[in-house]
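Below is one structure, written out as structure tokens; comments come after it.
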Amino acid sequence: MRLRELIVERARANGPLTFAEYMELALYHPELGYYARAGQRSGRAGDFFTSVDVGAVFGELLARQFVEMWSIVDAMGNRPGFDIVEAGAGNGRLSRDILDAATRTPRFYDAIRLHLSERSKDARRKQADVLGPHADKIASSRSELPDGVRGVIFANELLDAFPVHRIEMTVDGLCEINMDTDGDRLVERLQPVQTPAVLEYLERLGVALPLGSRAEINLLALAWIRTAAKRLRQGFIVLIDYGDDASQLYGAARRHGTLAAYRRHTQAITESEWRDAPGDWDLTSNVDWTSVTRCAEHHGLRCLGLLDQTYFLLGLGGAEIAASQTGDGLNGLKRRLAAKTLLMPGGLGSTHKVMIYGKNVGSPALRGSSYGMRVT
Ligand SMILES: C[S@@+](CC[C@H](N)C(=O)[O-])C[C@H]1O[C@@H](n2cnc3c(N)ncnc32)[C@H](O)[C@@H]1O
């Protein structure tokens, strides 16, 4: 059975699905979902590019930040070892780039216990191969986050991939954009909001959407940061993702919402392109950094940085790599170009923000946030 038919049957039997239920199936159905099906999802042969596709430089710069975090946690005594937890790790290629760079600091490398948290079983199966010489560093590989983490939990483009509720402000009040059937086709159906947590979310922000505006509410992002905050005993959380603060995200400039569908590096122009083909398209939405940070702080985390990716990477020495004359030949050139691509304002460097939180580590001045709270 195709995923579209399964969703049509479910809507006929139980009534319209919330958009979050539709997106959950479209991305994560265990056999038919976008992320469950084998094949390359990112990179030239896939559907989208992340900073990891640009080259190993991204992992190398993150490793510099993690070395500093390790030295802070290590200086605080109690237990040896440093947990590096990658959430939404896919096949583990970013962790591989980080561990490749970590070998240059042997004491740090020896301390690392690597935990990979990834929903897709298919991706998890590939991790040991992708990690290659570092495979014996894998302390756990599961869907969930590990507990009692002393070190760093990080994620690149995880929260934007969580299923979201969609809403629209109509003349009859706030409605949820649900998914229903019309014959054999999937169509959207506006219904009064039935998910109390969606209303509470907007109330907490004090947001009233303008008439006709659409928006996404990512309840799972809050659930994730809550869990991460609980499972981190001492250390840091680093989240890299595209997003905005709530005033921008729910303001007039974004009145169509930020939900986007991608296939083969092309963004769908109309919703009818992807609505009837669940499982074939990647669906994402911008992260609401205001709500994530408030939730993080409510659960005992301290915000230590909020920057454009460009400034985060500049603080870690990205500009020196872009300008370096060492590593001649094709590899040197590729490395310099990769660093430039990551730093270039207007590209990945501006759309992507880096959030850094700490727990039981005080308020250290980190290299990655040396440019302060810089967002464009
Ligand atoms: C956009 S991909 C990013 C992959 C990788 N981090 C990168 O930068 O290339 C999102 C990944 O997060 C995984 N994922 C989604 N929800 C998750 C969750 N709750 N826990 C762990 N992994 C999750 C997906 O299966 C997918 O592999």
Using a 1.4 Å probe on the protein heavy atoms, what percent of the accessible area of the range 114-153 belongs to carbon and sulfur? 47
How much area per residue is accessible in the chain when the probe is 1.4 Å and only protein heavy atoms are counted (Å²)? 43
Around residue 20: net Lys/Arg minus Asp/Glu count, Cβ-Cβ under 13 Å: -3
Expressed in square angstrom to the nearest 10, the accessible area of residue 230 with a 1.4 Å probe stands at 150
To the nearest Å, what is the center-to-center distance of the range 272-341 and the range 150-196, using C-alpha atoms only? 25
For the chain: relative contact order, % (alpha-carbon pairs under 8 angstrom, 6 or more apart): 19
Compute the orientation-averaged projected area for the range 112-256 from the convex hull of its Cα atoms and round it to one decimal in nm². 11.7
A student applying the Cα gyration tensor rule (rounded when a/c is under 1.5; otherwise prolate if a/b is larger than b/c, oblate if not) would label the range 1-158 prolate
Integer Hz, Karplus 6.51/-1.76/1.60 couplings in order for the range 72-87, x for Gly and Pro: 5, 5, 4, 5, 7, x, 2, 10, x, x, 9, 7, 10, 10, 9, 9
Distribution of pairwise C-alpha distances over the chain, 20 Å bins, in %: 28, 58, 14, 0
How would you order 288-294, 70-76 from highest to lowest mean count of nearby Cβ atoms within 10 Å? 288-294, 70-76
Please report the net charge: other residues with Cβ closer than 13 Å to the Cβ of residue 104, K and R +1, D and E -1. -2
Rounded to a whole number, what % of the accessible area of the range 254-376 do carbon and sulfur atoms account for, probe 1.4 Å? 54
Percent of Cα pairs exceeding the 24 Å cut-off, where the set is the range 184-307: 39
If the cut-off is 30 Å between C-alpha atoms, which lysines fall inside it for residue 359, apart from same-chain ones fewer than 8 positions away? 137, 230
Which shape class, rounded, prolate or oblate, goes with the range 281-324 when its Cα gyration tensor gives a ≥ b ≥ c as root eigenvalues, a/c under 1.5 marks rounded, and past that a/b bigger than b/c marks prolate? oblate
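The values are calculated or read from the model by the stated rules, or taken from the named source; none is laboratory data. Note that this is a predicted model, so its numbers are computed, not measured. Cβ coordinates were reconstructed from backbone atoms using ideal geometry, including for glycine residues, and neighbour counts include every protein chain displayed. Protein only, heavy atoms only, side chains kept; ligands, DNA and RNA dropped before computing areas. Shrake-Rupley method; radii C 1.70, N 1.55, O 1.52, S 1.80 Å.
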